[in-house]
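Enquirer: Take a look at the following structure, please.
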Amino acid sequence: MKAIVQDKYGQPEAVLALQDIAKPVIKDGEVLVRVRAASIHVGDLLVVTGVPYIARPAYGKAKDRVPGTDIAGTVEAVGAGVIDLKAGDEVFGWCTGAFAEYASAPADHLVPKPANLTFEQAAAVGVSASTALQLLREQGQIKPGQQVLINGASGGIGTFAVQIAKTFGAEVTGVCSTRNADLVRSIGADHVIDYTKDDFTHNEQRYDVIFDLVGNRSLTESRRALTPAGTLVLSGGGVSNGGSLLGPIGLILKGQALSRFVRHRLLVLSATPSRESLVALSELAESGKLTPVIDRTYPLDEVPEAIRYLETDHARAKVTITLM
């Protein structure tokens, strides 16, 4: 099969190459998927480039590794013990090695694809939407009527967060640039703050939950915009903050240290994709309450360009890879 292979850390165009490699061999409990689409998230960029450097032990060795996690496709074969899926089923979820014509994954990492989503839309769900769901539901604990602000509302996680927060009955404010204001409104935001013209940390509105996906405000500034018992969920920053020794980890460490001494709940992004999350997201998509937004789509051999586009920080919503 053809796959994007990474043999060392570095810039995408320098370390990623399209090669012919062997198909994955599935084990008991695993599924082989003919990949029809994949998507890229910030985590893929960080793993390819190996930043922040302090996180490389967690990433593991780059040699002979096919990057990518989020996929949608058709089941090619199933291993012994798999009873919920069969050859021919259309599925989506996450795996190791998504940027390839075939990928293997444990069966509980995949669920049936909603009929009303294209393969590209389904591939966009994966890690980004699961992260938004878990952070808002478990960590943010949002409730109907609460004021929720999403800093980075036009991004890959942000576009899902806006829609998911609305399903919980929150009044949602999205922070984005001028060019993305209409997009954020179109997916359900009640209010939009254009950060090129206004600063959410200096207006009179106070929020019950701030979901910070950008990391471009200090903890002091963000806390100023919270209600007295409000919750700040830190992602540690966006793509542009990942190039130093600590990168996004610096803001996370500060938040963890300060959380012991203040009334505000200061939480750190901690989300793990799960089958339960995928099922919940699938139900939201089927009901029309969640629609993945795709910025650009690239063919498999242009994965380096796709990742570079994400790295520029100008990508909005999701960037996907199509394999037909």
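The values are calculated or read from the model by the stated rules, or taken from the named source; none is laboratory data. None of the values given here were measured: they were computed from a predicted structure. When we count neighbours, we look across all protein chains shown, and the Cβ atoms used for this are built from the backbone with ideal geometry, even at glycine. Please note that ligands, DNA and RNA were not included when accessible areas were found on the heavy atoms of the full protein model with its side chains. Shrake-Rupley method; radii C 1.70, N 1.55, O 1.52, S 1.80 Å.
Enquirer: How about the range 17-31: which of its residues are hydrophobic (A, V, I, L, M, F, W, C) and either surrounded by fewer than 21 Cβ atoms within 10 Å (Cβ to Cβ) or in contact with a Cys (Cβ under 7 Å, 6 or more places away or on another chain) (or both)?
Expert: ALA17, LEU18, ILE21, ALA22, VAL25
The rows are residues; the columns are (1) on the phi < 0 side of the Ramachandran plot; (2) surrounded by fewer than 16 Cβ atoms within 10 Å (Cβ to Cβ); (3) modelled with pLDDT under 95; (4) among the acidic types (Asp, Glu).
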site	(1), (2), (3), (4)
ASN241	yes, no, yes, no
LEU245	yes, yes, yes, no
PRO248	yes, no, yes, no
SER282	yes, no, no, no
GLU286	yes, yes, no, yes
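Enquirer: Pairs, please: C-beta under 7 Å, at least 6 apart or cross-chain, first residue of a type in the set (A, V, I, L, M) and in the range 286-307, second open to solvent by 60 Å² or more (accessible area, probe 1.4 Å)?
Expert: LEU300/LYS2; LEU300/LEU18
Enquirer: Which of the numbered conditions does TYR195 fail, given that it passes all the others? Conditions: (1) without any contact (Cβ under 8 Å) to a residue 60 or more places away in the chain; (2) open to solvent by less than 20 Å² (accessible area, probe 1.4 Å); (3) of a type in the set (Phe, Trp, Tyr).
Expert: (2)
Enquirer: Would you check which residues across the range 113-167 are touching a strand residue (DSSP E or B) at 6+ places or on another chain (Cβ under 9 Å) and among the charged types (D, E, K, R) and list them?
Expert: Matches in the range 113-167: LYS113, GLU120, LYS143, LYS166.
Enquirer: Moving on. Just a yes or no: is a residue in the range 289-310 out of contact with any Pro (no Cβ under 7 Å at 6 or more places or on another chain), at positive phi, assigned to a loop (DSSP other than H, G, I, E, B) and surrounded by fewer than 20 Cβ atoms within 10 Å (Cβ to Cβ)?
Expert: Checked the range 289-310: no residue is out of contact with any Pro (no Cβ under 7 Å at 6 or more places or on another chain), at positive phi, assigned to a loop (DSSP other than H, G, I, E, B) and surrounded by fewer than 20 Cβ atoms within 10 Å (Cβ to Cβ).
Enquirer: So in the range 198-222, with the set limited to residues that are over 22 Å from GLY169 (Cβ atoms) and touching a Gly at 6+ places or on another chain (Cβ under 8 Å), which one is most open to solvent (accessible area, probe 1.4 Å)?
Expert: Out of the qualifying residues, it is ASN216.
Enquirer: While we're here: With respect to the numbered conditions (1) under 14 Å from the mean Cα position of the chain (by Cα); (2) open to solvent by less than 70 Å² (accessible area, probe 1.4 Å), which one is the sole condition not fulfilled by THR272?
Expert: For THR272, the exception is condition (2).
Enquirer: For the range 54-149, please list each of the helices (runs of 4 or more DSSP H) lying entirely inside it that holds at least 2 residues being open to solvent by 10 Å² or more (accessible area, probe 1.4 Å) and at pLDDT below 95.
Expert: The qualifying helices (runs of 4 or more DSSP H) are 56-59, 126-134.
Enquirer: Which residue pairs have Cβ atoms under 9 Å apart, sit 6 or more places apart or on different chains, and have a first residue in the range 153-181 that is part of a strand (DSSP E or B) and a second that is among the basic types (Lys, Arg)?
Expert: What qualifies is VAL172/LYS166; GLY174/ARG185; CYS176/ARG316.
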